[in-house]
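S.K.: Have a look at the structure that comes next, please.
The values are calculated or read from the model by the stated rules, or taken from the named source; none is laboratory data. If you're wondering where the values come from, they're calculated on a predicted model, not measured in any experiment. Cβ atoms come from the backbone with ideal geometry, glycine included; neighbour counts cover every protein chain shown. Surface areas here come from the heavy atoms of the whole protein model, side chains and all, with no ligands, DNA or RNA. Shrake-Rupley method; radii C 1.70, N 1.55, O 1.52, S 1.80 Å.
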Amino acid sequence: IAATFAATGPASVLLAQSSCSAFTSIRGTRRSSTSSYCAFIREPSPPPLGKRRQRRDRGICVGAASTTTLASRDESSSPSHLYGLVHDNIHSRQVSHKPHIKRVLCVSDIHTDYEDNLNWAQNVQSDGDALLIVAGDVSHDETVIRETLKILQSKFGAVTYTPGNHDLWIDADREGAGGLKYGITDSVQKLANLLLLCDDIGIETGPMRIGSNDKGLWVVPLLSWHHQSFDTEPDIDPDAWGGIPSVERLVADYRRARWPSPLSPRDDSVARFVDELNDYILGDPSLFGQDDAPVMTFSHFLPRIELTPEKRYLTYPTLSKAVGSDYVERRLRLLGSSLHVFGHTHFGWDMELDGVRYVQASLAYPKEWQFRAGSLSVGTMSEEHDFQPVCVWDEDDTKEGADGSGFPAVLGGYWSDRYYHVDRNPDITDALPPWNANRFKKLSGRVEQYVRHNSTRFSKF
């Protein structure tokens, strides 16, 4: 299903710049897509982010000692007995100080169940001065997650991780595949188990302060889950096009993730519950953010609907109902984030919206790189650069393209660049592009004349 997010057009229409030939890099045959929405950014490139912006409300932070939390602002919070399941097994995180870290690299959706992807982890370029962000979706199997994270830990100065949807799957009918072989019967238990796993092998899951005192950075992981109300844009007109399946039918999360009552993936309760765990797990807020260093946050799911193409461009338009969480956007804004890393949709992305920069660098599935490499490529996550994790901060701000903030110049990304040039228009509900028109039943609808844009923003990537 994840691959369907990225399959937003045939190579001949959408990915003309990519030959998508068999890769001869360390990864073998690989990947696919990129997506982005910039809602008419007018600058030629994202403006300098500089130091961290002042928080809008100093009282709203993550941490057990917070006097004002996001959870307390909801009219109804999740059942206390579910919090106890996590609290009894997981300690509140303290700030981890890593002054030796000089840069931050990111990757998501590494899916090391696939041999090519596991080979990528084993052969990725080492960097003892770098923190690697792994923004979810390693595997549904805890054994594979442990093995993968330990491999990456041996390659980098530090690794920080937040679980994705695949990581929280419970498979009753697949012995050894999910959490049942560990005695885990639901996804809340599995989340707690993954955090314990990370504690056991030294993977960071709490707030970090990296770099020197005068040129440092805060890095904060955010737990998240998707909810259907995140999709606030109009659906494809059912009188125009028929045969479009529901999101529950398409997305395996509704079958392979299990949530204890009264949580339900068909409303906001799971997304709210998982987000509220951040108030506890991320630690004492009095220890976090006491200087003027910028903040970088990361999650698996999208914080904003604009970070995916309009639904008519997705292989299955209803997938936009299972990609993101409003709670992530709300939290990263309250934390004063300057740059947010996300994953899940398997699109290469680099876009600024309302003063925050959003980046996705997905390894994705091997086959995706064969037919939609152009929409997956972003920065060094490309065939040209042997699919290396993307640098999103470097203490050395004298490098080419640096603006003095430590954040990189424009990284690329087909769809995010498109929305710099072309206004995003989700209100077109009667038309589908050529690559989707033959997938569904045409009623009164029409075929959109898709025109590929010409990029003028970047040339390096």
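S.K.: What is the one condition in (1) at pLDDT 95 or above; (2) surrounded by fewer than 17 Cβ atoms within 10 Å (Cβ to Cβ); (3) part of a helix (DSSP H, G or I) that Gln125 does not satisfy?
M.R.: Result: Gln125 fails condition (3) only.
S.K.: Residues in the range 237-251 that are surrounded by 18 or more Cβ atoms within 10 Å (Cβ to Cβ), part of a loop (DSSP other than H, G, I, E, B) and over 21 Å from the mean Cα position of the chain (by Cα): how many? Even if it seems obvious, please write down each step before you answer.
M.R.: Within the range 237-251, the first condition is being surrounded by 18 or more Cβ atoms within 10 Å (Cβ to Cβ), and the residues that meet it are 241, 244, 247, 250-251.
Applying the additional criterion that residues be part of a loop (DSSP other than H, G, I, E, B) yields 244, 251.
In the following step, the residues that additionally are over 21 Å from the mean Cα position of the chain (by Cα) were identified as 244.
Result for the range 237-251: 1.
S.K.: Identify the residue in the range 361-377 that is among the hydroxyl-bearing types (Ser, Thr, Tyr) and not in a helix (DSSP H, G or I) and, among all such residues, is nearest to Tyr161 (Cα to Cα).
M.R.: Ser362
S.K.: Taking Ser405, is it open to solvent by 10 Å² or more (accessible area, probe 1.4 Å), at pLDDT 95 or above, in a loop (DSSP other than H, G, I, E, B) and touching a Phe, Trp or Tyr at 6+ places or on another chain (Cβ under 9 Å)?
M.R.: Answer is no for this residue.
S.K.: Then there's this: Working carefully through the options Asn454, Asn425, Asn438, find the one that is within 20 Å of Thr315 (Cβ to Cβ), out of contact with any Asp or Glu (no Cβ under 6 Å at 6 or more places or on another chain) and without any contact (Cβ under 8 Å) to a residue 60 or more places away in the chain. Before the answer, list the steps.
M.R.: Working: Asn454 fails: within 20 Å of Thr315 (Cβ to Cβ); Asn425 fails: without any contact (Cβ under 8 Å) to a residue 60 or more places away in the chain.
Criteria check complete, one pass: Asn438.
S.K.: Considering only residues that are out of contact with any strand residue (DSSP E or B) (no Cβ under 9 Å at 6 or more places or on another chain) and part of a loop (DSSP other than H, G, I, E, B), look in the range 222-236 and name the one that is most open to solvent (accessible area, probe 1.4 Å).
M.R.: Thr232
S.K.: Turning to a different aspect of this structure: State the number of residues belonging to the range 415-434 that are farther than 17 Å from Ile305 by Cα and open to solvent by less than 30 Å² (accessible area, probe 1.4 Å).
M.R.: Count: 3.
S.K.: Restricting attention to the range 303-360, which residues are assigned to a strand (DSSP E or B), surrounded by fewer than 24 Cβ atoms within 10 Å (Cβ to Cβ) and among the charged types (D, E, K, R)?
M.R.: Correct list: Glu352, Arg357.
S.K.: Within the range 183-221, count every residue that is aliphatic (A, V, I, L, M) and in a strand (DSSP E or B).
M.R.: Of the residues in that region, 5 qualify.
S.K.: Within the range 284-317, count every residue that is under 21 Å from the mean Cα position of the chain (by Cα) and modelled with pLDDT under 90.
M.R.: Within the range 284-317, residues that are under 21 Å from the mean Cα position of the chain (by Cα) and modelled with pLDDT under 90 number 0.
S.K.: Then there is this: For the range 252-264, give me each residue that is without any contact (Cβ under 8 Å) to a residue 24 or more places away in the chain and either in contact with a helix residue (DSSP H, G or I) (Cβ under 8 Å, 6 or more places away or on another chain) or part of a loop (DSSP other than H, G, I, E, B) (or both).
M.R.: Tyr254, Ser261, Ser264
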